[in-house]
Amino acid sequence: MGRVNTNQSASVATLVEWLHQFGSLVEQNKGYLTDLDSAIGDADHGSNMARGMTAVLNQVADPGAADALFKKVGMTLVSSVGGASGPLYGTFFMRFATGLGDGTEVTPEALVSSLRAGLDGVISRGKAELGDKTMVDAMTPAVVAIEGSVASGESLADATRAGAEAARRGRESTIAMVARKGRASYLGERSKGHQDPGATSTTYLFEALAASLDGV
Amino acid sequence: MTVALVGVVVVSHSRRLADAAVELAMQMVHGDPPPIRIAAGMPDGGLGTDATAVMEAITAADAGAGVVVLVDLGSAVLSAEMAVELLDDSAPDLRVVPAPFVEGLLAATVRAASGATLDEVALEAARSLTPKLQALGAGPGPESVDTDDDWHADSFDEATLPNPAGLHARPAATVASEAAKYDAEVRLIHHRGGSVPATTPIGLATLNARMGDDLRVEARGPQAAEAVAAIIAMIRGGFGEIDPNAQPPAAPAPAQPLGVSAGRVVGQVHKLTEPMTAPPEHDRVPANAVDAEIATLGGALSAVIDEYRRRAELSAPQAADILQATATLAGDSTLVDAAAGLIRARGMDAPNAFWQAANHVAQSMTDVGGMVAERAVDLADIRDRVVSHLLGIPMPGVVDPGHPFILVARDLAPSETATLDGNTCLAIVTAEGGPTSHTSILARSMGIPAVVGCSRALDIADGTVVLVDGRTGEVIEDPDEDQRAGARTSRAPLRPLEAPGRTADGTPVSLLANVGSGGNATFAARANAEGIGLFRTEFCFLDRAVEPSVSDQVQAYSEVLGAFPGAHVVVRTLDAGSDKPMAFLPMPEEPNPALGVRGYRTSRTHQPMLERQLDAIVTASTASGTDGWVMAPMISTAAEAHDFAALARSRGVTTVGVMIETPSAALQAADILSEVDFVSIGTNDLTQYCMGVDRQAVGLGDLQDPWQPGVLRLLKIIGDAGRASGKPVGVCGEAAADPTLAPVLIGLGVSSLSMSPRSLQSVAEALSEVTVEQCRAAADAAVAATTASGARDAVRAALA
C-alpha cells in the first residue's frame, strides 16, 4: 500500500484515507448527529456534514500536493455544508492546509503544527472557549494529546489514538455543559444533559485520523 | 453627477426571510434604491449560509462606495466573516454590522439610498435597535445633537403629529429622504427635548414622538425655507397614513383589583399551580442504581395509570372513554422503554428521562398530524402527572381540592377557565387580566364571581379564608363577621327543571339554556333544559390566534348540537368585538367599541369567515341530526336582516333569525320579521343601547335595568310584531332569568326564554302560577308605568 511508510511521516494518500474514514463515519452517524442537533439546535448537523463530506470526497480522487488538497477541502465544505459547521470545518481544513507544505509527505511535526493551526482557526472563527459546549471541547484535548504524544516520541498511530481518546472524553464532557455559543445557547440551562453534536462530529474526525494512521 | 451608493448585502439562512426583509426595507425607500444583494439559503432551497455566495454578493453589491453586510444568526455571521477573509485584498471597503437583522437592514437601506457614506450607513444600522428599546422602555433617551454648537435656524415651523403610531420607522424614513433632497441642514426638535438631524431615520425614531406631540422643524442653508415647508406639510398630513388596520391596544391591566363578574362569596384559597417546567438536573445515576431508578419510574407510571382508571370510573361515559384511552397511552411500552433507555444509556434520573421521552413521543405524534397530533396533549398530561409523582410535588393546573374553593392564579388560560366546575369553584381571583380578558368573559358567562388585576393575589397562602366580591373588586383575607354578611360559602345547588315550561292554564313556554361550549351544553342537559336558546359560538374560540378551521368548528358545534338530539337549538354566529375581542378577527381601533364593528358588522370586511362558519354549522347540524337554527348578532336594519338571511339560506341554513339588540331593530321588528324566521332579544345590549349606558359603567345601576319603561315599550313593539307575524320571539338576556319579569315577557308576546341552566326551575315555577291572561295584564301594567320601580309595583299588583 502506498501509504505505508517507515519514517513516521504521513503521506497524502494517508490523509485522503483520513477524509474517507471521516466521511463514512459522518454518513453512518448522520441520523444520530441530526438527533443530537434536534435536541439543542436546528436538526441539520448530520445532513449538513454528510452533504459537505460527499462533496469533498468527490474532489479527492487526484489529490496532488498536501496544502492545495486541504485548501480545496476547506473551500468545498464552506460552500456545501450550509450550517455553522461549514465555515468552522472549512476554516479548520484551510488553516490546517497552510502548514503542510506542497509535498506529498507530511512529517509528524508538520502534522501537529497544522492541527494546532486548524484548532486556532476554529477558535478564532467561532470565538468559542473551552466549556462553551462546542466542537472546541473535543478538538482542543485531541490536539493537545497528539502534540504531547508526538513530543514524547510516540508514533503517529499512538499519538492519534491518544488524540481520539481525548476527543471522546471531551465529547462526553459536553453533556453536562450549558451551551454558550451557536443556536443551542438560546436554550440556556435547557441545553444541559445533551451531548453537543459538533463535539461529536469532531470526535469522528479524530477517530478517523487514528484509523487512517493505524498500522501505518 | 450620480454619486455611487453604499451597497447592502443580506446574509440569511433563509432565502424567503431575506426576500421578505428586503421587501420590507424597500418599502421605505423613496427614490433610487442602493444596490442590494442577497446571499441566503442553500442551492437546493434548504436553510443554510454559504461563504462563497456571500463573497460573490459583496463583490456584486459594491458600486465603489463600499458595502455593509447584514447577517441573521449563527453561521450567517461566520459565513460573512469567512467571506471577508476569502476576499482578502480584493475586498471592497466593507462593514459586517452588529445590528438586528430586520431593523438593521431597514436602517442601512434607507440611509444608503440617501447617499450617506459607508460609516454613516454602518452606524445607522448598528444603532437601529434603539427606537425599539426606547419604545419598550429599555433604551436611552433621544440622541440630541450638541446643544452648545452654533446652530442657528434660517427657517423654522411647528406641527402636531397626527399619526396614532407616532413617528415610527416608515414616517421617519419619509422625513429623512425628503430632508436629503434640499440644499439645507435640517433638524427635528421634539417639544419634550431631543434634537436630531432630519436625515437620519434612526435618530428621528429615537425622538419617540407620539401622536399629539409637537414637533419643530428647523433648517439652515439656501433651501431652508423649502425644506421646512415640505417636512411640516408631511407631518401635518400624517405622512399619508392614518393606518386603517391599526390594532386596538390590549386592555391594560387595571391598577387595582377590579370586579368583573358579580357575586359575593367566602371560601378557602386554592392556588393554581404554575405550569410544569423541565425537572431539575441531577447527577448521573450510578450504574449500580440504574435498575432501581427504572423500577421507581415503573412504580410512578403504574400509580398514574391507576389514577386515570379510577377517575374514568367516576366520570360520565364520554369523559370516561377519554380517560381510559389516556391510561392505555400511558401504559404503552414505547414510552416506558424510551425513558428506561435514557436512564440506562445516559444515566439520567427517572424524572428527566421520562420528561424527555414523553416530549420526544409527543413530538413524533405532532409530526404525524391529524387525530394523532391531538393526542399529544394527553401525553403532556401523562408526563406532568408522572414527573409530579416522582418529584412529590403537586400536579400543575386546576386540581379539584375536594371542597368548594376560591381559585387564585396569575391568569387563566381560556381552556382552564372553561374546565372549571361551577359547583366547586366559588370565585376566581387573578393577579393579571382586565375586564375584557378571557377569564372575565368566561367567568361572567359561567356565573362565577371574579376579580382581576389583584396584584397581591399570589401572596395569599393556600387555604386562607378570603371574601371575594366580584362586583366591588374586594378581596379580603380572614374577613370578620360584618364583612361576611351576605356572602355565600357554597355554590347554590342546581335545581333541574322538573317539567317543560307551562303557564297555569297550560300554554307552553320553551325554557332554554344559554351555553358557550359542549361542556356547558352537557350541564344544561343535566338541568333538563328544553333546548338551547343561545349558543355563543365565539366562546369556543376565544383562545384562537387564527381562525378555527371548518372541521374544528364542525366538531365544536357538533358537541353542543349532540347534547340536545332532535331538540330546539339556536346557534349564534360569532359575536366578536366590543367586550369580546378575538385575535383572528382584528378590529379597527375604536374609542367606543360597543358602538363600533362588532357582531354581524364584522362580516362587512370578513364575509368569507361568516360563510365558513355557516358551512360548519350546517355540516354539524347534518352530522348530529339536530337542525340548528342560526341567528346573527348586532343587527340594526331590516336590510342587514335581509342580507344575512339570504346568505344563510344560500349556505343551506333552514331556519334563519337575527338578534334584536338595538333600538332601531326593535322599532323595525315587523320589517325584520318579514325577512327572517324568528328573532331573539338580547336584553342586556338592548338595555345598554336604549338607555345609553355602557354595560360596564359603574354607579348607573338604576339605568341598567330592563324594567325601565323605555326598554319595556321596545319589548312590546317586538312582541306585537311577533304575534302579528306568528313567528317565534325569544329572549336570551339576563332578563329571561328574572322570575318576576318572566310573566311580563310572556304577556308582551315572547314565546321562549333562554337563560343560565341554574335559573330554569325558578322561572318555571313563576310561570306555572300565572295564566296567559294574567301575563298580558301584567305586561299592560308594566308598559303603562313611568318608572322602573313603578313597573315592578304595577306587575306585583296585577299578579297578586
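Run the paramagnetic zone check for B:Asp119: 7 angstrom along Cα to Cβ, then residues of region B:83-104 with backbone nitrogen under 14 Å.
B:94-95
Report D for region B:287-391 in µm² per second (integer): Stokes-Einstein, Kirkwood Rh on Cα pairs, 20 °C, 1.002 mPa s.
For these conditions, the coefficient is 154 µm²/s.
Give the long-range amide H neighbours of B:Ile36: residues separated by 5 or more places, or on another chain, with amide H under 5 Å away, using H modelled in the peptide plane at 1.01 Å from N.
B:Val8
Between B:Asp780 and B:Ala567, how high is the FRET efficiency from 1/(1 + (r/R0)^6) when r is the Cβ-Cβ distance and R₀ = 25 Å? Nearest 0.05.
0.15
Rank B:Ala485, B:Ala225, B:Ile393 by how far each Cα sits towards the positive end of the charge dipole of chain B (+1 on Lys, Arg Cβ; -1 on Asp, Glu Cβ) and give me just the farthest.
Result: B:Ala485, furthest along the dipole toward the positive end.
Using Cα pairs under 8 angstrom and six or more residues apart, how large is the relative contact order of region B:155-240, in percent?
RCO, region B:155-240: 45 percent.
For region B:91-139, with equal point scatterers placed on the C-alpha atoms only and solvent neglected, what are the log10 I(q)/I(0) values from the Debye formula at q = 0.15, 0.20, 0.29, 0.31 1/Å, to two decimals?
Calculated log10 I(q)/I(0) at the listed q: -0.39, -0.63, -1.05, -1.12.
Mean shadow of region B:7-128, computed from the convex hull of its alpha carbons, in nm²?
Approximately 6.3 nm², given one-decimal rounding.
What full-extension length gain, to one decimal in nm, is calculated for B:Arg236 and B:Asp552 as 0.36 nm per residue of separation minus the Cα-Cα distance?
109.0 nm
Could you check the spin-label model distance between B:Ala504 and A:Ala55? Points 7 Å from the Cα along Cα→Cβ, value in nm.
The modelled label-to-label distance comes out at 9.3 nm.
Express the Stokes-Einstein translational diffusion coefficient of region A:10-213 in µm² s⁻¹, to the nearest whole number, given a Kirkwood radius over alpha-carbon pairs, 20 °C and a viscosity of 1.002 mPa s.
Answer, rounded: 130 µm²/s.
Give the shape of chain B as rounded, prolate or oblate, defined through the alpha-carbon gyration tensor: a ≥ b ≥ c are the square roots of its eigenvalues, a/c under 1.5 means rounded, and otherwise the shape is prolate if a/b is larger than b/c and oblate if not.
Note, shape of chain B comes out oblate.
For peptide B:76-89, compute the average count of partner chain beta-carbon atoms within 10 Å of each residue's beta-carbon.
The shielding value for this peptide is 4.
Could you give each residue of region B:585-595 its phi-based ³J(HN,Hα) in whole Hz, using Karplus coefficients 6.51, -1.76, 1.60 with θ = phi - 60°, and x for Gly or Pro?
Per residue, the Karplus-derived 3J(HN,Hα) values read 10, x, 10, x, 5, 10, x, 9, x, 5, 9 Hz.
For the protein assembly as shown, what D do you get in µm² per second when you plug the Kirkwood radius from alpha-carbon pairs into Stokes-Einstein at 25 °C and 0.890 mPa s?
The diffusion coefficient I find is 72 µm²/s.
Pairs of alpha-carbon atoms within less than 8 angstrom and 6+ residues apart define the contacts here; what relative contact order does region A:10-213 have, in percent?
Reported as a whole number, the value is 23 percent.
Want the number for B:Ser762 to B:Ser490: 0.36 nm per residue separation, take away the alpha-carbon distance, what's left?
Length gained, B:Ser762 through B:Ser490: 96.0 nm.
Between B:Ala583 and B:Trp151, what FRET efficiency comes out of the Förster formula 1/(1 + (r/R0)^6) with R0 = 45 Å and r the beta carbon distance, rounded to 0.05?
0.40
If you put +1 on each Lys and Arg Cβ and -1 on each Asp and Glu Cβ, how big is the dipole of region B:510-799 around its Cα centre, in Debye rounded to 20?
Magnitude of the dipole: close to 220 debye.
Let me know the Rg and Dmax you get for region B:450-584 when you use only its Cα atoms, in Å.
Taking only Cα atoms of region B:450-584, I get Rg and Dmax of 19.8, 57 Å.
List the residues of region A:20-50 whose backbone N lies under 16 Å from a point placed 7 Å from the Cα of B:Thr334 along the Cα-to-Cβ direction.
Label zone hits: none.
Using label points projected 7 Å from each Cα along Cα→Cβ, tell me how many nm separate B:Arg649 and B:Ala623, to one decimal.
It works out to 2.7 nm between the two label points.
Tell me, what is the percent relative contact order of chain B, built from C-alpha pairs under 8 Å that lie six or more residues apart?
That works out to 8 percent.
Taking every DSSP beta bridge with both residues inside the protein assembly as shown, roughly what % is antiparallel (nearest 5)?
Within the protein assembly as shown, antiparallel bridges account for around 35 percent of the total.
When only alpha-carbon atoms are used, what values of Rg and Dmax, in angstrom, describe region A:79-168?
Here Rg and the maximum Cα pair distance are 13.3, 40 Å.
How much of the DSSP beta bridge set in chain B is antiparallel, as a percent to the nearest 5?
Taking every DSSP beta bridge with both residues in chain B, the antiparallel ones total about 35 percent.
Report the calculated FRET efficiency for B:Arg796 and B:Asp462 (r = Cβ-Cβ distance, R0 = 60 Å), to the nearest 0.05.
Once rounded, the FRET efficiency stands at 0.80.
Quick check: pseudo-label points 7 Å beyond the Cα along Cα→Cβ at B:Asp213 and B:Lys132, how many nm apart are they?
In this crude spin-label approximation the distance works out to 1.9 nm.
Under unit Cβ charges (Lys, Arg +1; Asp, Glu -1), what dipole magnitude, rounded to 20 debye, does region A:10-213 have relative to its Cα centre?
Roughly 620 debye, rounded to the nearest 20.
Nearest 500 deg cm²/dmol is fine: what mean residue ellipticity at 222 nm does the protein assembly as shown get from its DSSP H runs of n ≥ 4 alone, each adding -39,500 (n - 2.57), divided by its residue count?
So the calculated ellipticity at 222 nm is -15000 deg cm²/dmol.
Taking 28 Å as the cut-off for C-alpha to C-alpha distance, list the pairs among A:Lys30/A:Lys127; B:Lys132/B:Lys271; A:Lys71/A:Lys192; B:Lys132/B:Lys580; A:Lys133/B:Lys271; A:Lys181/B:Lys271 that go past it.
The pairs that break the limit, which is 28 Å between Cα atoms, are B:Lys132/B:Lys271; A:Lys71/A:Lys192; B:Lys132/B:Lys580; A:Lys133/B:Lys271; A:Lys181/B:Lys271.
Every number here is computed from the coordinates shown, using simple stated rules; none is lab data. The structure displayed is predicted, hence computed values, not measured ones. Cβ atoms come from the backbone with ideal geometry, glycine included; neighbour counts cover every protein chain shown.
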